[in-house]
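Bear in mind that the values in this text are calculations on the coordinates, not laboratory data. Note that the structure is predicted; figures quoted are calculated from it, not measured. Heads up, the Cβs are rebuilt from the backbone with ideal geometry, glycines too, and the neighbour counts pull from every protein chain shown.
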Amino acid sequence: MVIPPIKFLPHLYADSSMTFLLESLAYAKREIDTALAYPNLEQGRQEIITAQQLHEAILTHIASPKFAHSEPAPAKARVQFPVEYAPRPTFQKLYKAECLEKIKTIESASIDCIITDPPYSQGQTSNGQRGSYKDLSMVLPFFEGLAKEYDRVLTPQGEGYCFIDWRGFALLYEAFSPYLSIRNLIVWDKLSGAGNHYSFTHEFIIFFTKKSYSPNKGGTNVWRQAGFASGALVTNGAKKHNAQKPLEIIETIIQKGCPRYGTVLDTFAGTGTTAIVCSRQERNFIGFEHDKAMYELAVKRIEEEAEKKNYFCI
Ligand SMILES: C[S@@+](CC[C@H](N)C(=O)[O-])C[C@H]1O[C@@H](n2cnc3c(N)ncnc32)[C@H](O)[C@@H]1O
């Protein structure tokens, strides 16, 4: 029997719907019951603590005066994808490769969702050239080439999500626009505190599709979800690299942007965060990372994740 790992979903708290909170409470209870059924598993005991914390936090939240007086909100609609896949075993493939070259080996119209996180400002290395965000003559053609490939590999209803900050957005807008439709610029509010120069508390996520497809997504373009400075350390553990993204923001994108059993491409895989979430969320993953140390770090994370999953196979 396979015990599914407990998913700790802090973003549930951000939702003001009582229905959704009650659902998450029921979810926590189910997970506690499952974990209690296997008291000899060390991992199981750890998970009980997590689920109990979730349980208690939700109870406290529901008991708060704010909730006692609020109107019940309509239940969250399940995300409907235009494409659905029958259940199938998923894979995670990470290549040590330069992305603009390796993407050319990907089959056309085979990727349901691109989730990627290029270096923000220090420049990208393409064919041995190192640039900076000021050297547009080097970096722009690289991203134009990538955008053209993104258009080719996406399925007709595929979606793309590309992290960037305020310094890099203008460059990517120019590079992507001839080949793709930039549908929105999502603001990821990382819920962190004040600091110098008004503190960096948000990042951007460019939401794009093929030009021929206009999806109906619902929701808004401001997403509030903890970053590493505001809670993600608790759920992710210490950062393995400065540029690492929290699992939760990737999970949000995957749930909104890729059907179950679909395929995600990450051309700048870094520490492999997208791969880990794909494995947990039953999505295929194809990723490229050109830096040897980073690639090895990601492989280690992916292998550890696979071992964790196997641990529950009895
Ligand atoms: C911002 S990091 C990605 C971090 C990732 N989201 C995570 O959670 O770990 C960008 C990564 O892209 C890699 N990279 C930069 N240029 C590349 C290229 N041309 N091909 C493949 N990887 C590249 C860098 O080595 C770096 O690891």
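The alpha carbon centroids of region 235-314 and region 164-232 are separated by 20 Å.
Distance between the 7 Å Cα→Cβ label points at residue 91 and residue 174: 3.9 nm.
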